[in-house]
Amino acid sequence: MLVTVQYVSKQFKKHTAVHPISFSIGKGRCIALLGPNGAGKTTTLQMLAGLLKPTSGTIEFVGNKQIDNRSQIGFLPQHPTFFNWMTAQEFLQFAGELSHVPKKQLAIRLKETLAFVRLEDVRNKKIGGFSGGMKQRLGLAQALLHEPELLILDEPVSALDPTGRRDVLQLLDQLKSNMTILFSTHILHDAEQVCEDILMLKDGRLKWSGTLEGLKKEYNSLAIKLQTKEPINGALDQLDFMEEIEYVDSFTVKVRLKSLANSNQLVQTLIENKRTLAHFELLQDSLEDAFMKVMER
Amino acid sequence: MRNFIILFNKEMKESLRNGKWIWLPIVMMVIGMMQPITSYYMPQILEMAGNLPEGAVIDIPTPSGEEVLIATLSQFGTIGTLLFVLALMNVISQERQTGAIVFVVVRPVRVFQYIVSKYVAQLFILLVAFAAGYLFTWYYTNFLFNYVPWILMLGSLGVYSLWIVLLTAVTLLFGTVLRNSGGIAGMSILFLAMLSLLTTLFPKYMEWSPSNLSTETSKILIEGEWGSSTLLVSVSTLTLSILFLGLAVYLFKKLVRFGN
Amino acid sequence: MQTFTELNWALIAPLIGLQLILMIFALVNWAKQDETNGPKWMWIPIIVFVSMIGPVAYFIFGRKNV
Ligand SMILES: Nc1ncnc2c1ncn2[C@@H]1O[C@H](COP(=O)(O)OP(=O)(O)OP(=O)(O)O)[C@@H](O)[C@H]1O
Ligand SMILES: [Mg+2]
């Protein structure tokens, strides 16, 4: 375990941006913080990065109680703004020095990182003239330059075009093996591409925390689509293992069962009621559906 | 200490890039040398401006070199103060407004290091600008009037520098409390002006006031001596400056938020 | 009127020179800016015709987030 967050909340005057939430960040994991606008993602990440003081609760870096843990963190703000008068190289040099990267190592890291985010060609250009995508990549570079234990990125891809998005997600995928990554996004697909863990936040409340696999499993209640030659006409209405039934037309239903094991009984009931089975399909809930369900919970 | 040096260097580089290192000393030199030159040509200027009747005699006593230097410092005390405050108003507020400060505070940097590095760096620039202006003026004064011993010049320069030490601290203090540049400059000027006003109104109770620094420099230049009052004013100015800086650090920790 | 012909030019040449340097420095800086506070062209007459105060005003108020 790298970080343990316990009952952390944040209140802005009367408005509670984050209700007490608890979760932990495993070392080496990649975690996506998902949630709609105003969910409290930025607030949560800023508290983790030490930019905001939680109203209550504790954030503990394992093995590093009470001590300033900023040196272990790399942080990319949602809307990074830089010192426009610096060149990319100067900025990274400045950032690296402030993070106490030893001189020789910094020279190496600078080269590596600039190459990694593909800014070598413009390294001596003023940041003031950079495009949004270049700034985002520079922001990423300053966050990972000092090889922090924990990389916190606030919506690293939201401001990017599809190519930029893919590029940055690929970069994150490569970084996964070296550091623990926590990044926020409101798009499930981004999370799915690089992360194994997700945290879901809505209205300042933690709706889910765990692995993507776990989410799939838990919310994958089985749906079955059935079609018969004869009208179904309530042949299935009295079954106690039925959770939900939805008539598409008089020959077709979508049903949800308590367990997959009941599907045989379902078919049997149909046959007993003299219906001819024309179509039987197991409907896999997509992750999207699970996501929506959790959010609406 | 390492953080301090890194931040100090950044401040120096920034001031070189944005030209502060050039325009501020030049302006101080111009303001400074204007004084001996206008004093020197005063009779002619009056003659031209005054439409005096034929044969009128203009009799203005030629000022001494010391008096010219005092007049220069008085210029620095008004125009110079305004200029310096304006040159300082963006020092912290701009980084806060743009959000660039986030990249500093997410790293293991103490607020104290951040504020003090800014303070020392900016003070350094202002002092160099002031010294350049004053030395230039001194050179002109020696040339046009009479030689002012360098020890007196240096003494007045040193004592007057304390005023800059204070005004930098005051402006940085308002720079941490307020976000708006205009507000920062306005409040700093207001504060310094109030200090001067109170000092003229209640001289008895305000003997310690930093506004008396100009009186002290005059004393040094005219009488060539610095007494216990010089010490009192100097010590109180330094103490106030340190107090304001401490307050700036405290309030920064307390008030400044980086979120959103 | 004759008195000013006796002006010692060596005396005020540095004064004029410094102001000129200030003006040119401001103009060079101005040329490098993409944007200024207020219309960009407006600063030219201010820098050129308002001696000293013009360039100073430009340096203090003219530039955006440098
Ligand atoms: N400094 C602040 N003062 C008052 N309220 C704030 C402040 N910062 C955030 N909030 C409120 O807290 C809530 C959470 O904001 P936050 O920025 O954390 O959301 P988010 O999940 O990052 O949203 P987005 O996807 O739009 O970035 C919002 O309702 C916001 O209005
Ligand atoms: Mg946000």
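The values are calculated or read from the model by the stated rules, or taken from the named source; none is laboratory data. Owing to the predicted nature of the structure, the values given are computational and were not obtained by experimental measurement. Cβ atoms come from the backbone with ideal geometry, glycine included; neighbour counts cover every protein chain shown. Quick note on the areas: whole protein, heavy atoms, side chains included, nothing else; ligands and nucleic acids left out. Shrake-Rupley method; radii C 1.70, N 1.55, O 1.52, S 1.80 Å.
Out of B:Phe8, B:Ile60, B:Met89, whose Cα points farthest toward the positive end of the dipole of the stretch B:2-257 (charges: +1 Lys, Arg; -1 Asp, Glu; placed on Cβ)? Farthest towards the positive pole: B:Phe8. One Cα centroid belongs to the stretch A:1-56, the other to the stretch A:200-219; the line between them spans 15 Å.
A crude spin-label estimate for the pair B:Leu251 and A:Asn178, with each label 7 Å from Cα along the Cβ direction, gives 4.2 nm.
Would you list which lysines come within 20 Å of A:Lys274, measuring only between C-alpha atoms, while excluding same-chain residues fewer than 8 positions from it? A:Lys274 reaches A:Lys225, A:Lys229, A:Lys254.
Helix C:9-32 and the longest principal axis of the Cα set of chain C meet at an angle near 10°.
In the stretch B:72-96, burial by the other protein chains removes 40 Å² or more of 1.4 Å probe accessible surface, compared with the chain on its own, from B:Leu86, B:Gln94. Quick note on the stretch A:1-99: its Rg to Rh ratio, both from C-alpha atoms and Rh being the Kirkwood radius, is 1.00. The accessible surface of the stretch B:1-158, taken with every protein chain in place and a 1.4 Å probe, is 66 percent carbon and sulfur.
The convex hull built on the alpha-carbon positions of chain B has an orientation-averaged projected area of 16.7 nm². When chain A is described by a simple charge dipole with +1 on each Lys and Arg Cβ and -1 on each Asp and Glu Cβ, the residue from A:Leu106, A:Val62, A:Val194 located farthest towards its positive end is A:Leu106. Compactness check for the stretch B:161-257: Cα Rg over 2.2 N^0.38 Å is 1.19.
For the pair A:Arg297 and A:Asn124 in one chain, pulling the backbone fully straight at 0.36 nm per residue adds 57.2 nm over the alpha carbon distance. Between B and C, buried accessible area from a 1.4 angstrom probe totals roughly 2300 Å², ignoring ligands, DNA and RNA.
In chain A, the portion of solvent-accessible area held by carbon and sulfur atoms comes to 49 percent [1.4 Å probe, whole percent, DNA, RNA and ligands not counted]. Cα extents for the stretch A:220-296 along the principal axes, largest to smallest and rounded to whole angstrom: 41, 23, 17. The magnitude of the dipole of the stretch B:185-260, with charges of +1 and -1 set on the Cβ of Lys/Arg and Asp/Glu and taken from the Cα centre, is near 540 debye. A simple charge model with +1 on the Cβ of Lys and Arg, -1 on the Cβ of Asp and Glu and nothing else charged puts the dipole of the protein assembly as shown at about 1100 debye relative to its Cα centre. Annotation: the antiparallel percentage among DSSP beta bridges lying fully within chain A is about 65. For the stretch C:4-62, the solvent-accessible area with a 1.4 angstrom probe is 57 square angstrom per residue. Annotation for A:Lys104 and B:Gln44: the two label points, set 7 Å from Cα along the Cα-Cβ direction, are 6.7 nm apart. For chain B, the longest principal axis of the alpha carbon atoms and the long axis of helix B:20-50 meet at an angle near 20°.
A protection proxy built from the mean count of other Cβ atoms within 10 Å ranks the segments C:12-19, B:113-120, most packed first, as B:113-120, C:12-19.
Among A:Leu266, A:Leu34, A:Leu199, the residue with the largest mean-square fluctuation in a Gaussian network model of chain A, with springs joining Cα atoms closer than 10 Å, is A:Leu266. Taking every C-alpha pair closer than 8 Å and separated by at least 6 residues, the mean separation divided by the residue count of the stretch B:98-246 gives a relative contact order of 27 percent. Computing FRET efficiency as 1/(1 + (r/R0)^6) for C:Lys32 and B:Lys204, where r is the C-beta to C-beta distance and R0 is 41 Å, gives about 0.15. The stretch A:226-297 and the stretch A:108-168 have their alpha-carbon centroids 50 Å apart. Beyond 31 Å, the tail of the calculated P(r) for the stretch A:3-216 holds 18 percent of the Cα pairs. For chain B, the solvent-accessible area with a 1.4 angstrom probe is 44 square angstrom per residue. Computed from the C-beta positions of A:Ile187 and B:Leu195 and an R0 of 51 Å, the FRET efficiency is 0.35 to the nearest 0.05. Within the listed set B:Thr78, B:Thr137, B:Thr98, the residue fluctuating most in the Gaussian network model of chain B (springs between alpha-carbon atoms under 10 angstrom) is B:Thr98. Taking a sphere under 12 Å around the Cβ of A:Ile152 and counting the other residues whose Cβ falls inside, with K and R at +1 and D and E at -1, yields a net charge of -1. Centre-to-centre, using Cα atoms only, the stretch B:72-120 and the stretch B:148-194 are separated by 12 Å. Across the cross-link table entries A:Lys126/C:Lys64; B:Lys10/C:Lys64; A:Lys104/B:Lys118, which are compared at the Cα atoms, the separations over 23 Å belong to A:Lys104/B:Lys118. For the residues A:Ile108, A:Ile59, A:Ile152, a GNM of chain A with alpha-carbon springs under 10 Å puts the largest fluctuation on A:Ile108. For the stretch B:4-26, a drop of 50 Å² or more in accessible area on going from the chain alone to the assembled protein chains (1.4 Å probe) is found at B:Ile6, B:Lys10, B:Arg17, B:Asn18, B:Trp23, B:Ile26. When both bridge partners sit in the protein assembly as shown, DSSP labels roughly 70% of those beta bridges antiparallel. Taking a ≥ b ≥ c as the square roots of the Cα gyration tensor eigenvalues, the stretch C:4-62 comes out prolate, since a/c reaches at least 1.5 and a/b is larger than b/c. Taken over the stretch B:35-171, the percentage of Cα pairs per 5 Å bin, counting from 0 up to the bin with the maximum distance, is 2, 8, 16, 15, 13, 11, 10, 8, 6, 5, 3, 2, 1, 1, 0, 0. By how many degrees, between 0 and 90 and to the nearest 10, does the Cα long axis of helix B:213-223 differ from the longest principal axis of chain B? The angle comes out near 40 degrees.
Here the spin labels are modelled as points 7 Å beyond Cα on the Cα-Cβ line, and at A:Leu283 and A:Ala261 they lie 2.5 nm apart. Look at the dipole of chain B built from charges on Cβ: of B:Phe130, B:Ile70, B:Thr141, the Cα furthest out on the positive end belongs to B:Phe130.
Quote the charge dipole size of chain A about the Cα centre in Debye, to the nearest 20; the model charges only the Cβ of Lys and Arg (+1) and of Asp and Glu (-1).
Rounded to the nearest 20 debye, it is 1060 debye.
For the stretch C:4-46, a decrease in accessible area of 40 Å² or greater in the assembled protein chains relative to the isolated chain, with a 1.4 Å probe, applies to C:Phe4, C:Leu11, C:Leu15, C:Leu18, C:Leu22, C:Phe25. Per the accessible-area calculation with a 1.4 Å probe, the total area buried between chain B and chain A rounds to 2500 Å².
Diffusion of the protein assembly as shown by Stokes-Einstein, at 20 °C in a medium of 1.002 mPa s and with Rh set to the Kirkwood radius over alpha-carbon pairs, works out to 72 µm²/s.
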